[in-house]
Amino acid sequence: MTTKLTLTGLKQLLLPPRPNTGSADIAAIRARALFQAPEGAMTKRGGNLAEFLRLVSLFEDLGRRDLARVARIVHEREYSDGEYICEEGRPGAALFIVRRGVVEVVRRGAGAQDVPLALLEPPASFEESAAIETGVIRWFSVRARGPVSLLALGKTDVDGLILNYPVLANKVLVRLAGIMTMRLQMLIDAELHRESEERAEDKA
Amino acid sequence: MTAASSTPAGVVMKCLVATAAAAISVYLVWGLRSFIVPAFVGCLLAYICRPLVARLERWIPRSVAVGLLLVLFASVALVGFNSVRAAIPSEAALLELRVRALYALNRHYRALMELDASWSRGNRLYQLIHRDLDPLMDRVSDVLALTPDEHAQFVASRDRSTDAVSARSDRLLDYERANAYATEMRAGRTGRSDAAPKTIGGSASSAPATSVPKNEPTGLGNVLSAWIIAPLIFPFLLWDTGNIKRGVLSAVPNRLFEPTLAVLADVDEALGNYVRGIFLECCALGLTVIVLISIVGVPLRWAIAIGIFTGASNVVPYMGFAAALVSGLTYALLAEDVHSMLPLVTPDTFAVWVVAAVSLAELLKNALYEPIVLGGAVKLHPLVVVIGVLGGATLFGPAGMLLAIPTITIVKGLVASSARHLRAYGLM
């Protein structure tokens, strides 16, 4: 699926109809914009690890040899249904990529209830900022929906790539910067869209 | 936690298992202690070489890079072994060295203390410290003095082929006579009877001398069999492309995954900073010692040897200065001709200048190299350093002394980082 940064496209992309969508869930709109998987994220599933990594937008620019190098350093993790992968209020130390299953991004709402923000499928990634800077406190939690297989890439692994394979790391970091810029753009657009809708509602 | 494990029986069972695991760990560490240090050295070397292999891997396959490093290490070891073998003096040269050393020692001691011909009266300094210093001097003299057999061998080995060589031989024989006289004087002063037989007629030193080589092959064999593990571990760890780390992390429960990643990153950073810092500091100190003592008048060949020895010893805290001082002073006391770049340096003041040069190098290390190069890589209390080094030496010998600080650095980093991250992740 191609992401179009037009107002109509964004509305379709970011605001699919949800049963409990209300005015109190404005944070969820922002969050979904942030977690929306970039272009082509929800497509085919790969066989071996390197083939799978080719599908991840972060590693799209890498060649076969570089993908094999990345495949050598990622950590494969298995999570059971309902298990938290990362928790709100804790520092991030790794970037995660969904390999199999579905994970749910949630945020603690009033009364310590988890407010669902987004669902992520392979090969979506989350917590990219932890791969370039540890110690950033998370404002969301991610938990498994059913059995989930994830790939994790720690900051030291990324540092190792930067030190030993600067060309490879440069490609990854450029993609990372691109993804984060796009998400920021989508967030701003979503915010503008929400404001314009609110104004329209006020006028009506 | 399951309901069963929270019952008193479950807690008792847990405690029993933990105690048994701790006991087995201690038993294994103690039983395999001879392999721990070589294994640790192999791991440390591999850790140091990992970035180099990774750099080489950009152009050549990893296996070739590891092979090249192994060949390099083998070549360095071979060259080092040959250099050491070439530097070991022959039996005759060793006797000559002992004669010169004892003569220089007696001469300088006598000059410093202004001793009279009977070696019993000296200046105020001598009166002040002779009760403590004389026994020490006697012991050193006993070690250096030749036995009658050795004396005969020494005299017989004197070469008189040319005038120059003959003059040198005569000078050495004069030294030996002066040594024998000094030993007699000392024996007469203290009334000792055990010093004289060694020089005049006894062969006290021959018995222990024969017993030592008997045990040597067995001891050397044990050491070699233990140390063979280091070159085995080294390539295997270098070959690894992250499987070990991934294996360790795969055994970690999910909720501890991120804290463990963060702790490993901290320990890696602490150890990397220490290894890089200490390597640069040792190189800087060694080079400074080489330059300064060369200026003072130590020949470049010996200055390089003393510099390398100093740099290598500096891995153990406070040992670099001691090594430079002892080796520099030994050379200064033995040197007969001094060719210094500084006009103020004379053979009589040479030792003082060497001490000054070594002290200046130590000052530079403390004031300049350590803050800049090592920085805050190792913030250890001096008492912890001393206890750690002594403990390492007691448990594992010289290698334990060498590896005490890296071990303390790792443990300190591990404990501090674990506590910090476990708190941050709400696990403690």
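Descriptive notes on the structure:
- Distance between modelled label sites at B:Leu360 and B:Asn243, nm, 7 Å Cα→Cβ extension: 5.5
- Among B:Met137, A:Met186, sorting on how many other beta-carbon atoms sit within 10 Å of each Cβ, with the fewest leading, yields B:Met137, A:Met186.
- Legend: mean number of C-beta atoms from other chains within 10 angstrom of residue C-beta atoms, peptide A:153-164, equals 4.
- Distance-filtered residues of the stretch B:14-30 - backbone nitrogen under 18 Å, label point 7 angstrom along B:Val411 Cα→Cβ: B:22-30
- Other protein chain C-beta atoms within 10 Å of residue C-beta, averaged over B:253-265: 6.
- Helix axis angle, B:124-144 relative to chain B longest principal axis, alpha carbon, degrees: 80
- This model, with +1 at the C-beta of Lys and Arg and -1 at the C-beta of Asp and Glu, gives chain B a dipole about its Cα centre of some 1200 debye.
- Of the residues B:Ala357, B:Ala335, B:Leu368, the one whose Cα sits farthest toward the positive end of the charge dipole of the stretch B:300-393, with +1 on the Cβ of Lys and Arg and -1 on the Cβ of Asp and Glu, is B:Leu368.
- Label-point separation, B:Leu344 to B:Asp116 (7 Å along Cα→Cβ), nm: 3.6
- Scoring B:322-334, A:157-169 by mean Cβ neighbours within 10 Å over their residues and listing the highest first yields B:322-334, A:157-169.
- Taking Cα atoms only, the orientation of helix B:33-56 departs from the longest principal axis of chain B by about 80 degrees.
- In whole angstrom, chain B maps to an equivalent ellipsoid with semi-axes of 52, 26, 24, each derived as √(5λ) from the alpha carbon gyration tensor and ordered largest first.
- Phi-derived couplings, Karplus 6.51 cos²θ - 1.76 cosθ + 1.60 at θ = phi - 60°, listed residue by residue for the stretch A:119-132: 10, 10, 10, x, x, 5, 10, 8, 6, 4, 5, 5, 6, 10 Hz, with x used for Gly and Pro.
- For the stretch B:252-428, projected area of the alpha-carbon convex hull averaged over all directions, nm²: 12.1
- The angle between the Cα long axis of helix B:163-190 and the main principal axis of chain B comes to about 80°, on a 0 to 90 degree scale.
- Sorted fewest first by neighbouring Cβ atoms within 10 angstrom, B:Cys43, B:Cys15 come out as B:Cys15, B:Cys43.
- For the stretch B:252-428, the dipole from Cβ point charges (+1 on Lys and Arg, -1 on Asp and Glu) about the Cα centre works out to 580 debye, to the nearest 20.
- Amide H within-cut-off set for A:Asp114, under 5 Å, with H built and near neighbours excluded: A:Gly109
- Descending by average beta-carbon neighbour count within 10 Å, the peptides B:147-156, A:137-146 line up as A:137-146, B:147-156, the highest first.
- Exposure proxy order (Cβ contacts within 10 Å, fewest to most) of A:His75, B:His339: B:His339, A:His75
No lab work stands behind these numbers, since they all come straight from the coordinates. None of the values given here were measured: they were computed from a predicted structure. We place every Cβ from the backbone using ideal geometry, glycine too, and count neighbours over all the protein chains shown.
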